[in-house]
Each structure stands twice: as C-alpha cells, then as structure tokens.
Amino acid sequence: MNKCKNIVGKHSASTRLVYHHASGLFLLFVLTVLFFFCFSMPARAEDVSVKTLAVGKSYTIRGSAKVTTSKASVARVAEKANGSFKITARKKGRATLTLYDSDGTETGRVYLLVTSSGSFKYNTSSISLMAGKSKTAKATVQSGCKVKYSSSNTSVATVSSAGKIRAVSSGKATIRACVYYKNVLIKTWKKKVTVTCDLSTSTIKTLLTTALEPVGSTMYVWGGGWNEEDTGAGTEAVSIGVSAQWKKFFQQQTSSYDYRTTRYQIANGLDCSGYIGWCIYNILNTTDGNEGYVMKASKMASNFASRGWGTYKSASSVKDYKAGDIMSSSGHVWMVVGSCSDGSVVLLHSSPPGVRLAGTPSSSGNTSSEAVKLAASYMKNYYPDWYSKYPDCLVSSSYLSGYAQMRWSISGKSIMTDPDGYRSKTASAILKDLFAS
C-alpha cells in the first residue's frame, strides 16, 4: 500500500513540472505575439489629432521620417534640412497628414482644417437684449465642422442649436460656441449677453388693455395673423396697433357671417393664435417687423413658459384662473380677464364670429353665469355695433377643463409685472378699471 502511494506521488510531481514548463513557454509565446503586433500595427485612434490653420500659415512636424498629405492643393508638405517637415496651408479645405517612421510604419495622422479663424456673426464683444427679445449669433466655421452652443445662465439667456439667443430675464450670461471636427474640440468662442427688462409697458393691465383694442371690430378669419406660408406670424401680427383693414372688413359683414367662406383671407381678421400673437407682439415691441409670436394654439402656453415668461401647467393641473393667463389646447387659445365668485371666467379670444369678450358657465354648469352676464353687459355697452349682430357671449364648459395654462411671472425679473394688482382682483373689478381708463 505504501509503495503504491510513493509511485503515485512521484508521478504527480513529474506531471506538475511538465505543466509549469509548458505554461512558461505559452506565456512567452503570447508576449512575443503581442510585442510584434504592437510594434507593427498602424496608428491608433489616440495618435490622430486635429489642427486648424489659416490660409498662408504654416507649422512644423518633427520626429517623423516621412509625412504625406492627402490633398496637396490644400496643404503642402516640404521636408527641411534638419529632418523636420513644414506644412503650409494653401487654400480652404481639409487634408489628412500621415506620419511614418524610418521603416515605413504609420505612426500618426493629423486632420488639417485650413480655414479662417471664425467668429460670431455680430462683431461686438457683447450683446445687449431686452427681455423677451432674441438675436442669432452664428459662428462662421469651415465646412465639415460642427458648432455646439451653450449658455452659462439659462435663467438669463438661452441659446438654440442654431445659435439663436433668447433673452429671458435681467442679468448677465456668457454664450459659448464650441467648434468640433470629428468630435474633437478645436476652438471655443465666447460672447457676453446682458439682458435688461423694460417693465414700463409690460404689465398685466397693459396686456389686457392691448387685447381689448381689436375687440368688437375684428372678424374671425381662419389663418388671420399668419403668413402666406402658414408657418408663423404674418405682417398684421408683427405690426403695432390694429389694422384698418380689420374694421373695414367687419363693417362689410352681416349677422350671418360664415368664417368658412373667408378662410386664409389673412389680412381681413385674426384667428385665435393670430390674435394672441398680435397681443404679445404689441406689448413687447414699439416698431413693426420684428420677431412674431404666432404659432399653433396648442404650443402657445408651453412655448411662452419655455421663454422664461411664466409657469406652465397641463390641463389636468389647472386649479384656478387669474388675469392674463394664457390658456391653450390643440384647437384654441385664449386669455383670462378674471374669475367670478361662481367659478365662471371672463375671457378674451378670437373665435367665430370674431374677437370679443366672453364668459364660461359657472363651475356648477350654469350657463347664465356671472362671467357671461359681465361679458354681455360690456359688449352691449361698449361695442353696440358688434353686439347688435353677434350677441352671443357664452362659451362651453370645456374652457374650464381642457386647456393648459401659462401664468406670467410678475417678479420683475422677466417681462411682466402687475403693479395694479389685477391678479388678486375679480373679473368685475378688473373690467371696471379697464373701461374706466
């Protein structure tokens, strides 16, 4: 028994010795292959770099046995006596410089961009904007490059992927334009933006006073206020004051006016988003032809909130209604004048037959609500020509359930204030003050 054990033990020791010897040979073989592979493989990703060069300028590459260019008309390569290579930019474009060692192995590449230094479109070092305004500060770069814009303070100014800077609230921000080629950052420009607020005209009262100007003399026209392409604000919606054509068209109509027969007569009246867009333009501008605010009704509340003008609530989250609130849905947009004690709301909107004051039913569904009575009273007394043709001032109960809300920030840091305290007043008190002015 003991003899058998000794035989087994000797055999096991011999086996282990052979195993370790084979393992060592295998490890040596693997290291040899890796060594050969590493020193014979082409340039790695990290050996690739990007360089920009202005036309006529040059730079020198040292430490290479040979340098070639993929496009001699863009970048010329000349070997100097000391073994370095002079690279000269000849014209705008792109060229790949390939570097080799003495045995012809590729050791690296340089993606060369021959271009101007690039700049923002505006030649000043900073931009001053009023809150609510925007400008495009586009960086000019070589074809093939990508520019990514960012703002250091989005509560002051935001910037789009196209370089459109939008002023949000008072303060200072820095807009950066980072230029990339093949995901490599090659240059960064900075532009300071100072945002100021002109709060003398942007008040809740001014907004409602402005919104009353087309009331009782402007028909609902499908596409009214839009441009010919139906993509945004038209001439009338980026003009200060009411259009004389609106009133002229109204005077030609009878009580049987049918908006379906006047579709896209865009200069003759306003549709719902054309009306709200016109109102916003007229409180933020003093001259014609600037950026407009006409867009799909469904986007208005969220778009205005995204500009930093106020807070957004989805339709299911709306709990109350205050003066100036912008309410939008997939098919309509309107503005709150104020609320009544029975839960009804007085509003301003453009809906067939046209721009007018209207009221919702009460929260219990009563169609003879306080809001309806108030709207009818003011339309009858102050817009008799309209009321004689179109006396209906009731809207459906869906106005109290199916609309998202944008409520203006009145902190003084954005574009709106409420020095008259309209947000805490009833619809009756607000109308009394508006029409007493």
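Structure notes:
- Annotation: amide H of LEU113 within the under-5 Å range of LYS51, THR52, LEU53, sequence separation 5 or more or interchain, hydrogens built in the peptide plane.
- Here the 3J(HN,Hα) profile of region 319-335, calculated from phi with Karplus coefficients 6.51, -1.76 and 1.60 at θ = phi - 60°, is 10, 8, 9, 10, 3, x, 3, 9, 10, 9, 9, 5, x, 7, 9, 8, 10 Hz, Gly and Pro shown as x.
- Over all Cα atoms in region 199-246, the spread is summed up by Rg and Dmax: 12.3, 35 Å.
- Cα gyration tensor shape of region 235-362, rounded if a/c is under 1.5, else prolate or oblate by comparing a/b with b/c: oblate
- Cα lying deepest toward the dipole's positive end in region 129-231, options TYR149, TRP222, GLY132, charges on Cβ: TYR149
- Distant-in-sequence amide H partners of LYS66 (H built 1.01 Å from N, under 5 Å): TYR100
- Peptide ranges 203-213, 249-259, 333-343 listed from the most packed, as the mean C-beta count within 10 angstrom indicates: 333-343, 203-213, 249-259
Only the coordinates and a few stated rules stand behind these numbers; no lab work does. Everything numeric here is computed off the predicted structure, so don't read it as measured data. Note: ideal-geometry Cβ built from the backbone for every residue, glycine included; neighbour counts use all protein chains shown.
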